[in-house]
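Written out below as structure tokens is the structure these notes cover.
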Amino acid sequence: MESFLIEGGHRLSGTITPQGAKNEALEVISAILLTKEEVIIDNVPDILDVNNLIKLLQEIGVKTKKLSSGRFSFQADDIKLDYLESIEFVQKCASLRGSVLMYGPLLGRFGLATIAKPGGDKIGRRRLDTHFIGFKNLGAHFVHLEGRDVYEIKAERLHGTYMLLDEASITGTANIIMAAVLAEGTTTIYNAACEPYIQQLCKMLNSMGAKISGIASNLLTIEGVKELHGTSHKILPDMIEVGSFISMAVMVGEGIRIKDTSVANLGIMLDIFRRLGVQVMVDGDDLFIPRHDHYVIDSFIDGSIMTISDAPWPGLSPDLISVLLVVATQAQGSVLFHQKMFESRLFFIDKLIDMGAQIILCDPHRAVVIGHDHQRTLRAGRMSSPDIRAGIALLIAALSAPGISRIDNIAQIDRGYEDIEERLNALGAKITRVANK
């Protein structure tokens, strides 16, 4: 286990470029299982979750080659089908949340998948019912194997159908799409997730020979094809990392440029920061965040307290709530954050309260932040990262707190952020990675 030691209170300046999108990478890398031909993917982030997925693919027989930094070749022409049912494979899947995205393509191409409860963030229950119901609608059968916490899903042949998803699950939508592209007939998915990374997955699959229409809407139509071929694909910048860098620039920036952000795919995020009083300047595909010594939270037109809540795309991503909450601690005014989608994601707030933030945790889903307006800074302290997004939020808070802070369990941060200490140190931060004895 490793920790970060952060010497807070230093102002940061310069230029930083976001990595490739973690969530898109997990989807499109899993999609290579749908063809026996070579697939080349660019802008792959060098992060723990993605690297572990690549290792898992290698173990089931996928030929993987790193062509250059962030550029990989994949070829799934000799998959070890027997290994997919082994206890060893199932146990490895259980430790990696992203492994769930392998099940749709495995089912679609090979007609079987063995599923364990996947690992990942400790942010509350993340059910897989949407995935299973979608597979069942396509004609698959699944059985829960008692004593192993394992599911077997099988289908001699998948058949297209109409389905209305019970929730606009991103991974559920991705999995159903990947299963349906090789199904017989036409599949219609209503209430589909439609965020940019799902759009990217659909565009990549179409370039492989799939027939998907309705991209960017919540109504997808998929005409099944007999096989897919190889392609090349480039992953978008990670919008959650962009939001993290904006938050960092507001808290401790002396003027920071965020390069190549794909502004057109950031959705409502910039408007939400502006509701907190943050100045975000758009320059082509770059963002510039000036120094913020004072910023004022908006209120609604009727004068009531600002409320910020997450929602399926094009609403605000739940992954941004943690960093927005940290920004609000130094604003003028108050704001209610409503984290609707995960019941345990706000529990890291007690660590911010220990640092001196004025926050009222109303219940597992809602918190009111009363901003300090820079009248007092956060205090340095020792904390532990419970999940990826809380981890980066605590790191941003620690950067603003004079003195030495320590963040334990930084493997959670490494799951989603590539070489984060090196990149922030290049802007003037003082972060040291240390091994725990």
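The values are calculated or read from the model by the stated rules, or taken from the named source; none is laboratory data. Computed from a prediction, not measured in an experiment: that's the story for all the values here. Heads up, the Cβs are rebuilt from the backbone with ideal geometry, glycines too, and the neighbour counts pull from every protein chain shown. The accessibility values were calculated without ligands, DNA or RNA, using every heavy atom of the protein model including side chains. Shrake-Rupley method; radii C 1.70, N 1.55, O 1.52, S 1.80 Å.
Packing order of peptides 45-56, 61-72, 208-219, highest average first: 45-56, 208-219, 61-72 (average count of other Cβ atoms within 10 Å over each peptide's residues). For the range 129-240, with equal point scatterers placed on the C-alpha atoms only and solvent neglected, what are the log10 I(q)/I(0) values from the Debye formula at q = 0.12, 0.16, 0.21 1/Å, to two decimals? These q points yield log10 I(q)/I(0) values of -0.42, -0.72, -1.12. Each distinct pair of alpha carbons in the range 157-298 adds a 1/r term; the inverse of their mean, the Kirkwood radius, is 17.2 Å. The Rg/Rh ratio for the range 1-108, using Cα coordinates for both the radius of gyration and the Kirkwood hydrodynamic radius, is 1.08. Backbone amide hydrogens, once placed in the peptide plane, bring G255 within less than 5 Å of R291, excluding anything fewer than 5 places away on its chain. Distance from the alpha carbon centroid of the range 3-22 to that of the range 311-327 works out to 19 angstrom. Its residue count N sets the reference 2.2 N^0.38 Å, and the alpha-carbon radius of gyration of the range 236-367 equals 1.02 times that reference. Size descriptors for the range 55-95, from the alpha-carbon set: Rg then Dmax equal 11.8, 34 Å. Relative contact order of the chain: 21 percent, from C-alpha pairs under 8 Å at least 6 residues apart in sequence. Taking the average, over residues, of other Cβ atoms within 10 Å as the packing measure, peptides 102-115, 386-399, 12-25, 259-272 rank 386-399, 102-115, 12-25, 259-272 from highest down.
Treating each Cα of the range 296-420 as an identical point scatterer and summing with the Debye formula, the log10 of I(q)/I(0) at q = 0.14, 0.19, 0.20, 0.21 Å⁻¹ comes to -0.58, -1.06, -1.17, -1.27.
For the range 22-234, what relative contact order do you get, as a whole percent, if you take Cα pairs closer than 8 Å and at least 6 residues apart?
21
Can you give the Kirkwood hydrodynamic radius of the range 22-234 from its Cα pairs, in Å with one decimal? Working shown, then result.
Values: mean 1/r = 0.0594 Å⁻¹.
This gives a value of 16.8 Å.
Taking only protein heavy atoms and a 1.4 Å probe, the accessible area of the range 266-405 is 54% carbon and sulfur.
Set the bar at 21 Å for Cα to Cα. Now go through K66/K154; K36/K66; K22/K259 and name every pair that lies beyond it. The pairs that break the limit, which is 21 Å between Cα atoms, are K66/K154.
For the peptides 334-343, 302-311, the ranking by mean Cβ contacts within 10 Å, running from highest to lowest, is 334-343, 302-311. From the largest down, the chain spans 66, 54, 47 angstrom on the principal axes of its Cα atoms. Find how many whole Å separate the alpha carbon centroid of the range 344-371 from the alpha carbon centroid of the range 242-274. Centre-to-centre distance over Cα atoms comes out at 23 Å.
Across the range 25-35, rounded Karplus estimates of 3J(HN,Hα) from the backbone phi angles (6.51 cos²θ - 1.76 cosθ + 1.60, θ = phi - 60°) give 4, 4, 6, 6, 5, 5, 5, 5, 5, 7, 9 Hz, Gly and Pro being marked x.
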